[in-house]
Amino acid sequence: MSARRKLVAGNWKMNGTLAANAELLRAVRAGADTAACDLVICAPFPYLAQTADALLGSTMTWGAQDCSAHAQGAYTGEVSAVMLTDFGCRWVIVGHSERRQYHAESSALVAAKALQVLRAGLTPIVCVGETLAERDARQTLVVVGAQLQAIVDALKEAGQAQWIARVVVAYEPVWAIGTGRTATSAQAQDVHAFIRQLWRGAFAGSADGLRILYGGSVKPGNAAELFAQPDVDGGLIGGASLKADEFLGIAAAAQAVA
């Protein structure tokens, strides 16, 4: 088995209320046994304080779903990575396909956000992935490679070697997010292996430690097969993270193959 520690991160997206969150967080915390994997909740900004209070002292950690590419200033409506540290966040998702699609975020902008996360001492979960049209056109590796190369270039330009080991990459085939369709374990492994090879070409030995998550309709029933692939180090979980039994089932699958 891989020496890399499995990571299962729940992305609540734009869901939740104080009451519903309290019940969900209680159930997840009560059922979590994360001795063999990292279990994370990425909550909407308004609920970060609630999430921190609910999970404080547990084996779980928490994070945000996005941040600004700016450190501070006149950017109304933006939230900086440094602000997130006040809520005990350890993780920040950047470049989710929904941000790229609905907010026209470029790979360069995603890279700038990742650098802000790293400067704040947090860990970016950098999302990459292709649309169905791009996969059908056999452009998966071209698209994913270009998205990841923007991160590589930004890291090299920043010249902070210690940051490289903190980056987490999440491969999300856009055609499998919220659709019920899931990449086969072989399809996921192929892209994950490509990502690791690209990272190896840029940063040599650090590629062995790079954690690469799969995101796209992961369920308890398919998680174990996906996570058993040699280059799949866990999952970025959307809809299933809103149901305690499903999220805990996925975490159990990650622990079983850890």
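Please treat every number below as a calculation from the coordinates, not as lab data. Just so we're clear, the structure is a prediction, and the values are computed from it rather than from any experiment. Note that we place each Cβ from the backbone using ideal geometry, even for glycine, and neighbour counts take in every protein chain shown.
Laid out as a table, the results:
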quantity: For segment 10-108, the spread of Cα positions along each principal axis, largest first, Å; calculated: 39, 26, 25
quantity: GNM result for the chain, Cα springs below 10 Å: residue of Asp231, Asp86, Asp245 fluctuating most strongly; calculated: Asp86
quantity: Amide hydrogen neighbours beyond the local backbone of Gly234, cut-off 5 Å, H modeled; calculated: Leu7, Tyr214
quantity: FRET efficiency, 1/(1 + (r/R0)^6) with R0 41 Å, evaluated for Ala256 and Glu157 via beta carbons; calculated: 0.55
quantity: Among Gly216, Gly95, Gly31, residue whose mean-square fluctuation peaks in a GNM of the chain (springs only between Cα atoms under 10 Å); calculated: Gly31
quantity: Kirkwood hydrodynamic radius of segment 128-188, Cα pairs, Å; calculated: 13.0 Å
quantity: Extended-chain gain in nm, criterion 0.36 nm per residue less alpha-carbon gap, His70 and Asp245; calculated: 59.3 nm
quantity: Rh (Kirkwood; distinct C-alpha pairs) - segment 124-258, Å; calculated: 15.2 Å
quantity: For Val92, distant residues with modelled amide H under 5 Å away; calculated: Ala64, Thr123, Ile125
quantity: Amide proton proximity set for Gly10, modelled H, under 5 Å, gap of 5+; calculated: Val40, Ile41, Cys42, Ile237
quantity: Among Gly73, Gly234, Gly129: highest mean-square fluctuation, GNM of the chain, C-alpha pairs under 10 Å; calculated: Gly73
quantity: Extension reserve of the Asp208-Arg26 stretch, reckoned as 0.36 nm per residue once the Cα distance is removed; calculated: 62.0 nm
quantity: Inter-part distance where segment 130-171 and segment 63-102 are each reduced to a Cα centre, Å; calculated: 19 Å
